[in-house]
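A quick write-up on the structure given underneath.
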Amino acid sequence: MNDDVRASLDDRILPFAVDALDVRGRTVRLGPAVNAMLSRHDYPHAVSRLLGEAIALAVLLGSSLKFDGRFQLQTKTDGLVDMLVVDFEMPESVRAYARFDAEAVAAAGELTPAALLGSGHLGFTIDQGATMSRYQGIVALDGQGLEEAAHQYFRQSEQIPTRVRLAVGEVLAPGGDGAKREWRAGGVLVQFIPTSPDRMRLADLHPGDAPEGATILSAQEDDAWMEARALVETVEDHELVDPQLTSEELLFRLFHERGVKAFEEQSVVERCRCSRERILGMLKSFAPEERRAMIGDDGRIGVTCEFCSTRYHVGPEEVGAEPAAD
């Protein structure tokens, strides 16, 4: 597979269905988009892997929106990486950043994503625009990674049997100055969405909030869902980040015996929402004395976007922050 063909298969989401098992899902392959987001900030290796997982998860979940809106994944924890933020704006734009204790991460060496996160919470926010209410789901983080946190969210909030696999890795890519390392990320999500009444009854989950002492009737898991979940659990990390393995080939490996249908793919583009107009609006929201305190030695206000690292230079007169007269 030549480089042009490989590049055309990256940064895309592929929805699919396996009707025989009553499951629906999506795969995501991220190449240049995730590499740009991770390389731009020169994150430590362990932080890049964690943020890459968060990006893949946000794209998998956000791409299910059926309207023009924004999906945000955000963590707030007591870990070495105390905040992750990923914005996915329909139909294709994604941006992300991580906030972390650089000295502590350097001293700790290579840690697992769960160890970097620590304890806190993971929030999923769906913003449908100014005229619609926002929806937010919260999952406690207490030593688990993002995959397990996603499973916990679907068990508690959506009550849809769901299995997620995420992977992040580096590959050697040819370049003008020789081979260079590039980040890649991938993921697959499968959900059991039965249509027959019998299967719908069997899909019921533990109510979670039953009164103390109440008898909980356990429902046997549907054989179709157990099969689909077991197949997805066989996916290895290298299959999700391999630049030579297409999403279609991965789905064929998993579900060819049952028959899998792929639908129209969606592209993913690394794109920030920042602009000079937004920066000016943000600065004008501060009190006049706060704006004056932001003026640097060069007589201007400097603002750097945390997502894309673009540096904006604003004249005090643009935001009504002229220095007070002597």
Residues of the stretch 90-118 that turn out to be at pLDDT 95 or above and either polar (S, T, N, Q) or closer than 29 Å to Arg12 by Cα (or both), as a count: 10
Sort through Ala167, Ala173 and tell me the only one that's at pLDDT below 85, among the hydrophobic types (A, V, I, L, M, F, W, C) and under 20 Å from Val268 (Cβ atoms). Ala173
Return yes or no: is Ala167 surrounded by 15 or more Cβ atoms within 10 Å (Cβ to Cβ) and either among the aromatic types (Phe, Trp, Tyr) or without any contact (Cβ under 8 Å) to a residue 60 or more places away in the chain (or both)? no
Quick one: would you say Thr162 is surrounded by fewer than 16 Cβ atoms within 10 Å (Cβ to Cβ), of a type in the set (Ser, Thr, Tyr), touching a residue at least 24 places away in the same chain (Cβ under 8 Å) and out of contact with any Cys (no Cβ under 8 Å at 6 or more places or on another chain)? no
Filter the stretch 297-326 down to the residues that are assigned to a strand (DSSP E or B) and within 21 Å of Ser39 (Cα to Cα) and list them by number. Val303, Thr304, Arg311, Tyr312
Residue within the stretch 282-293 that is touching a Leu at 6+ places or on another chain (Cβ under 9 Å) and either assigned by TED's automatic domain parsing to the domain that holds Gly31 or of a type in the set (Lys, Arg) (or both) present: yes
Mind checking whether some residue in the stretch 35-48 is buried (at least 18 other Cβ atoms within 10 Å of the Cβ), of a type in the set (Ser, Thr, Tyr) and over 12 Å from the mean Cα position of the chain (by Cα)? yes
If I ask for residues that are of a type in the set (A, V, I, L, M, F, W, C) and farther than 13 Å from Thr77 by Cα, which ones from the stretch 127-145 would you list? Ala130, Met132
For the stretch 32-46, enumerate the residues that are touching a helix residue (DSSP H, G or I) at 6+ places or on another chain (Cβ under 7 Å) and of a type in the set (A, V, I, L, M). Val34, Met37, Leu38, Ala46
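Here's the yes/no breakdown for (1) closer than 24 Å to Glu147 by Cβ; (2) modelled with pLDDT of 95 or more; (3) small (Gly, Ala, Ser):
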{"position": "Thr234", "(1), (2), (3)": "yes, yes, no"}
{"position": "Leu240", "(1), (2), (3)": "yes, yes, no"}
{"position": "Pro243", "(1), (2), (3)": "yes, no, no"}
{"position": "Leu254", "(1), (2), (3)": "yes, yes, no"}
{"position": "Ser285", "(1), (2), (3)": "no, no, yes"}
Being modelled with pLDDT of 95 or more and out of contact with any Leu (no Cβ under 8 Å at 6 or more places or on another chain) is the requirement here; does Glu158 meet it? no
Somewhere in the stretch 52-69, is a residue aromatic (Phe, Trp, Tyr), assigned by TED's automatic domain parsing to the domain that holds Gly143, in a loop (DSSP other than H, G, I, E, B) and in contact with a helix residue (DSSP H, G or I) (Cβ under 8 Å, 6 or more places away or on another chain)? no
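To keep it simple, each residue is scored yes or no on (1) touching a residue at least 24 places away in the same chain (Cβ under 8 Å); (2) farther than 29 Å from Arg70 by Cα.
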| position | (1), (2) |
| --- | --- |
| Met226 | no, yes |
| Val232 | yes, no |
| Gln244 | yes, yes |
| Ser267 | yes, no |
| Glu270 | yes, no |
| Glu277 | no, no |
| Asp298 | no, yes |
Out of all the residues in the stretch 23-37, is one or more modelled with pLDDT under 95 and touching a strand residue (DSSP E or B) at 6+ places or on another chain (Cβ under 9 Å)? no
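The values are calculated or read from the model by the stated rules, or taken from the named source; none is laboratory data. Quantities reported herein were computed from a predicted structural model and do not represent experimental measurements. Ideal geometry is used to build each Cβ from the backbone, glycine not excepted, and the neighbour counts take in all protein chains shown.
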